[in-house]
Amino acid sequence: MTIRYAMVIDTRTCIGCGDCVVACKTENKTPVGLNRDWVVEATRGKWPNVRTEFRSERCNHCSNATCVTLCPTGASHYWRDTNIVLVEANKCTGCKACIAACPYDARLIMHPDGYIDKCTFCHHRVERGDDPACVSSCPTQCMHFGILDDAGSKVSQLLKTRNYKALMTETGNEPNVYYLT
Amino acid sequence: MIEEILITARHNPKIDPILGIWTWEISVYLFLGGLTAGIIFFVALMNLLEKNDTYNFSANRLALWAPIVLSIGMTTLFLDLEHKLYVFRFYTTLEPTSPMSWGAWVLIIIYPISILQILSTFRVGYPVLSGWLEKIPFASKLVDLSERYIKVISWIAIPSAIALGIYTGVLLSAFNARPFWNTGLLGPLFLISGMSTAAAFTVLFARSHEERRLFTRYDLGLIGIEIILVVLLLINLATGTEQQLKALEFLTTGGGYAVAFWGAFFFMGLIVPLFVEFIDLVQENRTLAILGPLLVLLGGYMLRHITVNLGQETSWQNYGTEYSVEALERVNKIYKHGLN
Amino acid sequence: MDRREFIKVSGVTAAAATVPSIFLSGCSTQPNPGEGEVTATPTVCDICFWKCAGHVYVEDSVPWKIIGNDEDLHSNGRLCTRGTGGLGAYQDKDRLKMPLVRTVGPNGQQIFREASWDEALDIIAKRMQKIADEHGADRVALLNHGAGASHFKNLLRGYGSATFSAPSYAQCRGPREVAFQLTYGEGVGSPDRTDMEHSRCIVLIGSHIGENLHNGQVQTLTRALENGVSLITVDPRFSVAASKSQHWLPIRPGTDVALLLAWMNVLISEGLYDKAYVEQYAMGFEQLAAHVRQFPPEWAYLQTGLEPELIRETAREMAKNAPATLVHPGRHTTWYGDDTQRERAIAILNTLLGSWGRPGGFYIQEKVKLPNYPLPDYPKPKSTFKVAHGDDYPFATQPVSNAVIDASIGDDAHYKGWLVYGTNLPMTIPGVRPKLRQAADSLDLIVVIDTMPAEVTGYADVILPECTYLERYDELRNAAEREPSLALRMPAFKPRHDSKPGWWIAKQLGERLGLQKYFPWNDYSEVLDWQLKQVGSSLDEMQQIGVKNFPRKTPKYFQAGEARRFNTPSGKIELYSQRLADRGFDPLPVYKRPPERPDNYYHLNYGRMPAHTFSRTTNNPLLFQLAPENTLWINSLVARQWKLKTGDSVRMQNQDGIVSKSIRVRVTERIGPDSVFMAHGFGHSAKQLRLTNGLGADDSALMTNVLIDPIMGATGMRGNFVTFVKNSEQEHA
Ligand SMILES: Nc1nc2c(c(=O)[nH]1)N[C@H]1C(S)=C(S)[C@@H](COP(=O)(O)OP(=O)(O)OC[C@H]3O[C@@H](n4cnc5c(=O)[nH]c(N)nc54)[C@H](O)[C@@H]3O)O[C@H]1N2
Ligand SMILES: Nc1nc2c(c(=O)[nH]1)N[C@H]1C(S)=C(S)[C@@H](COP(=O)(O)OP(=O)(O)OC[C@H]3O[C@@H](n4cnc5c(=O)[nH]c(N)nc54)[C@H](O)[C@@H]3O)O[C@H]1N2
Ligand code: SF4
Ligand code: SF4
Ligand code: SF4
Ligand code: SF4
Ligand code: SF4
Ligand SMILES: [Mo]
C-alpha cells in the first residue's frame, strides 16, 4: 500500500464523552443498537492514588489486517492503495470469519441486511479531504487524522514529538490508530 | 495495581461481554466434516487393501454415507451464514490466505470424489439400488469406469480426506485473534478425532463381527493418539501466551468449560470408550459394542463444541461492560425498523 | 504472501467474476452517506442550556445528523455528545402526540383522554379566566426551564402575573449568582464568563467539567490543558477533570469553605494576593484578613483531610499564575445549604487573585442590543413573586421554585394555577414529591407543556404536546458572551404528530384570554425578522448563516489601572458584605460543619454523565445507546464489606428510610470509601417512557434531607446518606 492513513488520539485531553460514537452513528447511519466505535476507560491504582485513561477505539485499519487475510470471499479488502479496510456488502456471505479474525473485536457484527459493517475511516469524507466524522466532531479536538507517511502531516508530527502507543502490537496486525500518552 | 477497563457505548451483544458469533451450526459442521473425512479415508483404505469381501460395510456400503453426512454439515454451515443469498461468493474467488476459502473449494472437490467412491462400490454394497441405478442410460458405463479405476480413486481420496480432516481444525487455528484456537495442534487433533468418529460409526453399523473388531481396534489406536494430542495441546497452552494460559485455566479448572472438557469430552468421550471398547474386544459384549462407539461420537461432537465456544471466549481484549446488555436490548425492540 | 500481490490476486478474481444481477438486487453496495440530496437548516441546540448553534442535515428527506456551526462561539463547530444526539429527541417514539385532558374513567379512576387542541386550550383559558376573576391573575405561576418558555412569559405578563420560576435558580446557579452579585454587583451569567483558554491556573471546586459537558467550558478547558495550564481539582471523587489535574484534592465532602478560608489565609499571610487590585477595587479587606487569620491550613486539615502542605502549595501555585488564575465558580452550586457563603468565598478568593475582569480570569460579557418586538405595555401584576417567599430568602432575585410550590399548597395558598414548561419537577426538586401531590390537590389548574410523557405530566389537568426544538422557531439566542452574537433556531422538520410550537400554543391561549394584542403577528418568524432587521440582518440572512457575530463595542477586560464602579452599594467589590450583615447573615464566609456521616452509611454523591442531560435525554433513542442506565459507583473496600461486585443490583436506603429503585453496581477506585456516586436523571417511573423506565435509580428520590440556603432559598442536595439493601433474587425478577 502506498498511502497509510492514521488516527492519533490524545489521551491527555480525551474526556471519554462519547461524542465520537454518536457522531459516527449519525454520519454513517449505523443500525440501531450497533456502534462502529466505542470508548474505554482504564483506571489503574487504588484510591486515592489513581490514574484514569480514556480511549476512543475503533478499527485500527491494520497494515497487516487479519480480517482481510482470513476473509474467504475478498469482501474484506483494502480500499484503493491504502490501509483503509472496507467490506463490500455484495461480496460478503456473512460467514463472520473476519469478526473472529479481528483481535480488536472491531467489527460491527451483522448489519441487519446480513453483511458485516465496520469503521470505514469515513473514506467517503477522506476522499473529499474532510476528517472522519468522529474526528471532526470531538469537542476536545483530541483526535487527529492524516497520512502517516507524509512527514509534514499533523499525525506524523504528533508521533514525532509525543510519547505514544498503539493497542496490542503483539498481535502483529500493525494497527494504525495511535494513542498519545 | 489493578486495571479496570470499562467500555461505554460499544453495545454489541454478539461481542460483549464475549464473542458469540458461531454456535451449534459450526460445531455440527466441523463434527460432520471430520466424520466425512474419516469415512472417505476408511472407504479408500479398505478398497486399497481389497477388503471388499471381508469388510463389506466399510469397503462397499460406507461410501454412501459421506455425501449424506457432509450435506447435513453443509446445511448447518449454510444456516450460519447471515447473507445467505451471497453464498455463491465463496466460489467467485480463491483467497489464498483464507483457510475458509480453501475449505470451500475442498468441499467442492470432496463431492465428486465421494460420488466416485460410491459408484465404484455400489454394485457390491447396494445390489438392489444399483439395479435401479443402472436403468439410467450411461449409468452402468459410469459404474464400470469407476470400478476399473477404484485404486486411482482411492489414492486421490486419501489425501483429500486428510485435507478435509485437517482443514476442519486449521480453519480455527488460523485465527490468531483467538488465543485458544491459535495452536498448530488443532488440525491433527481434529483429523484424528474425525477418523476416530468414522471408525466408531463403522463399528455401530457394520454387520460383520470381524469388521467390528477390526474397527474397534482402529478406534482404540486413534483414541490413544487423540489422548496424546490432547495432552500436547494442554502443554502447548500451558507454555503459551498470557491469553492462552487464561484459556487453559478456563478449559481445565476455572470457567464454565471444565465439566464439559473433563467430563463430557475427556472422560466420557475418550477414557470411557477406551475402556469400553477394550472390554468389548476382550469380552464381546453387545451392549458395550454400541455404547463405546456412541460415546466416541458424542466425544467427537463435544470436542468441536468446546473448541468453538471456548475459542470465542478467549480474546486479546477483556473489557468489562458497564451497562447491562438486557437494558440495551430495549432499543432493538422498540426501534426494530430504525429510528426514522 | 506479499501483501501487494495478495490485493492483486483478489482483485483479478473479483473482476473476473460475473454475478447474476438478481443476486445483487436488494443489497448492492450501500451508497455512501451524503451522496443523496442534502439540506442543512440552522438550529440552536436545546438538549441543554448552553445553546450551541448548529445545522440539521437531512438526506433524501430522512433526518441525518446535526453538526455545530463553525461561526458559533458556544460550540466552535463541534457539538457535545448530547447535541450530536439531538435528532433522537425528534425521533423518540414515545413523544407526546396530542393534547391530553384529565377525566374520570369508567371505573372511577382518573385517566387522561385525548383531546383536540381547541378543546384543550378552551379548558385552560376558561380556568385561567376563572382564577383571574376570583383570585387575581398574579395567582398563576410559570415553572419553566428552557428558551421556549419565553412565549409563555409573554402570555403571563399580558395576563398579569410575574412569577416565572426556573429550577436553574434554586436548584442550580442561584447561590452563585447571588454571591457574585453581592460581591461584584453582577452575576456570572450563562455561558459562564470564565476565560479559561487564557488561564494559566484553573481551580475547579466540584465542577466536573468533562462529565459536565457544557460545550464551551469543555473546549476552553481543553485549550488550557494543551497550553499547559496548572489544573487544581477539588473533588471527593476522581472526576474526569481530576484525572487531568496536576493537583487533585480529594476533599472530605462538604468542607470546601474550610479549604477556601485556608487558601485565603495563605495568600494573605504570605502576602501573595494582588495588593494593587484589592486596594483599588475592593472594600473590607481588613475585616477579611482578620477573619481568615483564624483559619490556617493546619486548621483546615482537620476539616478537609487535606495536608496543610498541599493547601499551601496550591495556594502559591494560584498566586504564581495570578491574575490568569481562575477559581471556577461552578454551576450546580446547591450543595449544603451554606452555598451562597461558599460561593462568596470563591468570589472573594478570585478578588485576592485579581482575576475578575482580567485575562485568564473572568471576562466582561457583551450581547447584541436587540430591540424587543413592539408590544403594548403589560399590566402591573398585583403582587410580585416575593409573596411566595414570605419573610424568607431576602436575597433571592428570582422566584424560588420550592417556595412557589410551598405557596401552592392548601385552600388559602397564594397560587391557584401553574403552567409547567420544560421542567420535570418531581425529579428536579429534591424532596418535592409529597408537596407536589398536595399542590396538585390544592391548585385549580395545572398545565404541563412538554415534549415527553415525563413524570411531571402525571400531575397535570391538561397536557400540551410541544414539538421539539428541531421543529420550531424560538426567540433568537442573544447570549452575553465573549463576542456579541445572534443565533437562529428554526424548524428543520414539520412538527410530528399533533404537536405544536410553544409560540403557537401561547398565542392561541392569548387569543382565548383576550390578550391578542400581545401576539400581534401570525407567525413567530415575523417577530424574528423584525428584530433582525433592527440590527442590520434579516430572517432570510439568518436562515442562510444561522449565526451572526457582531464586533464588541466595549473592552473584554479591565484596562490597566482603569477606575471602575461596581454595581454594589459601596461601588466596590465587597469582600465584607454589609448587606448580609444587615439581614443577620455572616458578612464574611464562615465554615459550617457538614452533617455527620452515620456508621455504615455513605455520602450520596451525584453529578452528570456525558451522554445525558438530567432526565430529559434518557429516553432519547440515540443517547440511550450510549448509556442506557446509571450505575452506582462504589469503592472496592465498600464492595468487599457488602459483598458486592460490578453488575450486581442493589437498592439504597437513605437516612430517612427511603428505598431507591434498583441500580447496578460499578466497583471503581474513582470513588472513595466514604461515598457512593451516581449520575442524575435515571430511575424513571413513567411507564410511557418505554426505553428508560425502570432503568437505573433516581438520586432525587433519596434527597429527603433538603438543606435550604437561608440567604436565597436554594435547595442543598448533598446532606443525604445511603446504605445498601441487597436485592434478593425474587425482587430482581
Ligand atoms: N452531560 C451533561 N452536562 C451538563 C448537564 C447535564 O445534564 N449533562 N447539566 C448542566 C447543568 S444545568 C449544570 S448546573 C452543570 C453542573 O455541573 P457542575 O457545576 O460541574 O456540578 P457540580 O455539582 O459542581 O459537580 C458535581 C461534582 O461535584 C463533586 N462533589 C460532590 N460533593 C462535593 C463536595 O462536597 N465538594 C466538592 N468540592 N465537590 C463535590 C462530585 O463528585 C462531582 O464530581 O452541568 C451542566 N452540564
Ligand atoms: N437530584 C438532582 N436534582 C437536580 C439536579 C441534580 O443533579 N440532581 N440538578 C439540578 C440542576 S443543575 C438543574 S439545571 C435542574 C434541571 O432540571 P429540569 O430542567 O427540570 O431537567 P429535566 O429533568 O431534564 O426536565 C426537563 C423537562 O423538559 C422537557 N422538555 C425537553 N425538551 C422540551 C421542549 O422542547 N419543550 C418542552 N415544553 N419541554 C421539553 C423534558 O421532557 C423534561 O420533562 O435540575 C436540578 N435538580
Ligand atoms: S469525542 Fe473526543 S473527547 Fe469525547 S470520547 Fe471521543 S475522542 Fe474522547
Ligand atoms: S482492527 Fe480488526 S477489523 Fe480493523 S483492520 Fe485490524 S483486524 Fe481488521
Ligand atoms: S463475513 Fe463477509 S467480510 Fe467477513 S469474512 Fe465472511 S465474507 Fe468476508
Ligand atoms: S472514522 Fe468514521 S466510521 Fe470510523 S469510527 Fe470514526 S466516524 Fe465512525
Ligand atoms: S452543550 Fe451540548 S447539549 Fe448543551 S447546547 Fe451545546 S451541544 Fe447542546
Ligand atoms: Mo443546572
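It is to be established whether one or more residues within the range C:617-626 are among the aliphatic types (A, V, I, L, M) and at pLDDT below 95. Yes. Can you confirm whether C:GLN578 is away from ligand 1 (no atom under 16 Å from the Cβ), under 30 Å from C:ARG95 (Cα atoms) and either within 14 Å of chain A (Cβ to nearest Cβ) or surrounded by fewer than 17 Cβ atoms within 10 Å (Cβ to Cβ) (or both)? The answer is no for C:GLN578. In the range B:92-129, the qualifying residues are those that are over 18 Å from B:ASP53 (Cα atoms) and of a type in the set (Gly, Ala, Ser), and the one that is surrounded by the fewest Cβ atoms within 10 Å (Cβ to Cβ) is B:GLY103. Listed conditions (1) within 13 Å of ligand 4 (Cβ to nearest atom); (2) surrounded by 20 or more Cβ atoms within 10 Å (Cβ to Cβ); (3) of a type in the set (A, V, I, L, M, F, W, C) are all met by A:VAL155, apart from (1). Flag set for C:LEU691, criterion: out of contact with any strand residue (DSSP E or B) (no Cβ under 9 Å at 6 or more places or on another chain) and crowded, with 21+ Cβ neighbours inside 10 Å.
One residue stands out among those in the range C:441-471 that are among the acidic types (Asp, Glu) and farther than 26 Å from C:ASP411 by Cα: the one that is surrounded by the most Cβ atoms within 10 Å (Cβ to Cβ), which is C:GLU466.
Of the residues making up the range A:93-113, those that are within 16 Å of ligand 6 (Cβ to nearest atom) and over 18 Å from B:MET100 (Cα atoms) are A:TYR104, A:ASP105, A:ALA106, A:ARG107, A:LEU108, A:ILE109, A:HIS111.
Only one entry of C:GLU279, C:GLU286 meets the criterion of being closer than 13 Å to C:LEU588 by Cα, outside any loop (DSSP other than H, G, I, E, B) and not basic (Lys, Arg), and that entry is C:GLU286. The residues on offer are C:THR43, C:THR39, C:THR13, and the sole one that is at pLDDT below 90 and either under 29 Å from B:GLY338 (Cα atoms) or within 10 Å of another protein chain (Cβ to nearest Cβ) (or both) is C:THR13. Can you tell me which residue in the range A:138-180 is nearest to ligand 2 (Cβ to nearest atom), limited to those that are within 12 Å of chain C (Cβ to nearest Cβ) and assigned to a strand (DSSP E or B)? Of everything passing the filter in the range A:138-180, A:MET143 is nearest to ligand 2 (Cβ to nearest atom).
Table: residues versus (1) within 14 Å of chain A (Cβ to nearest Cβ); (2) modelled with pLDDT of 95 or more; (3) touching a Cys at 6+ places or on another chain (Cβ under 8 Å).
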{"site": "C:SER245", "(1), (2), (3)": "yes, yes, no"}
{"site": "C:PRO250", "(1), (2), (3)": "yes, yes, no"}
{"site": "C:ALA258", "(1), (2), (3)": "no, yes, no"}
{"site": "C:GLU279", "(1), (2), (3)": "no, yes, no"}
{"site": "C:GLU307", "(1), (2), (3)": "yes, yes, no"}
{"site": "C:GLU317", "(1), (2), (3)": "no, yes, yes"}
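Kindly evaluate C:TYR557 against the criterion of being buried (at least 19 other Cβ atoms within 10 Å of the Cβ) and away from ligand 3 (no atom under 16 Å from the Cβ). The answer is no for C:TYR557. Where strands (runs of 3 or more DSSP E) sit wholly within the range C:624-674, those with at least 1 residues that are more than 13 Å from chain B (Cβ to nearest Cβ) and farther than 22 Å from C:ARG252 by Cβ occupy C:649-654.
Which ones in the range C:482-494 are closer than 23 Å to C:ASP192 by Cβ, surrounded by fewer than 24 Cβ atoms within 10 Å (Cβ to Cβ) and among the charged types (D, E, K, R)? Across the range C:482-494, the qualifying residues are C:ARG482, C:GLU483. Of the candidates C:ALA487, C:ALA480, the single residue that is aliphatic (A, V, I, L, M), modelled with pLDDT under 95 and within 21 Å of the chain's Cα centre (by Cα) is C:ALA480.
Among all positions in the range C:426-443, there is no residue which is basic (Lys, Arg) and assigned to a loop (DSSP other than H, G, I, E, B).
For the range A:114-137, filtered to residues that are within 14 Å of chain B (Cβ to nearest Cβ) and not hydroxyl-bearing (Ser, Thr, Tyr), the residue that is nearest to ligand 7 (Cβ to nearest atom) is A:CYS134.
When C:ALA679, C:ALA686 are checked against the criterion of being within 14 Å of chain A (Cβ to nearest Cβ) and of a type outside the set (S, T, N, Q), a single residue qualifies: C:ALA679. Please go through the range C:139-155 and pick out each residue that is surrounded by fewer than 22 Cβ atoms within 10 Å (Cβ to Cβ) and among the charged types (D, E, K, R). Of everything in the range C:139-155, just one residue is surrounded by fewer than 22 Cβ atoms within 10 Å (Cβ to Cβ) and among the charged types (D, E, K, R), namely C:LYS153.
Could you please find all residues in the range C:253-271 being part of a helix (DSSP H, G or I) and touching a residue at least 60 places away in the same chain (Cβ under 8 Å)?
C:ASP256, C:VAL257, C:ALA258, C:LEU260, C:LEU261, C:TRP263, C:MET264, C:LEU267, C:ILE268
Answer yes or no: is there a residue in the range A:101-116 that is away from ligand 5 (no atom under 16 Å from the Cβ) and within 27 Å of A:ALA75 (Cβ to Cβ). Looking through the range A:101-116, none of the residues is away from ligand 5 (no atom under 16 Å from the Cβ) and within 27 Å of A:ALA75 (Cβ to Cβ).
Selection of strands (runs of 3 or more DSSP E) fully inside the range C:156-252 by the criterion of at least 3 residues being crowded, with 24+ Cβ neighbours inside 10 Å and either of a type in the set (Gly, Ala, Ser) or over 15 Å from the mean Cα position of the chain (by Cα) (or both) returns C:201-205, C:230-234. Could you grab me the full set of residues in the range B:1-44 that are over 30 Å from B:PHE78 (Cβ atoms) and either among the polar types (S, T, N, Q) or within 27 Å of the chain's Cα centre (by Cα) (or both)? Passing the criteria: only B:THR8.
The values are calculated or read from the model by the stated rules, or taken from the named source; none is laboratory data. Remember, predicted model here, so these are calculated numbers, not experimental data. For neighbour counting, all protein chains shown are included, and Cβ atoms are generated from backbone atoms with ideal geometry for every residue, glycine included.
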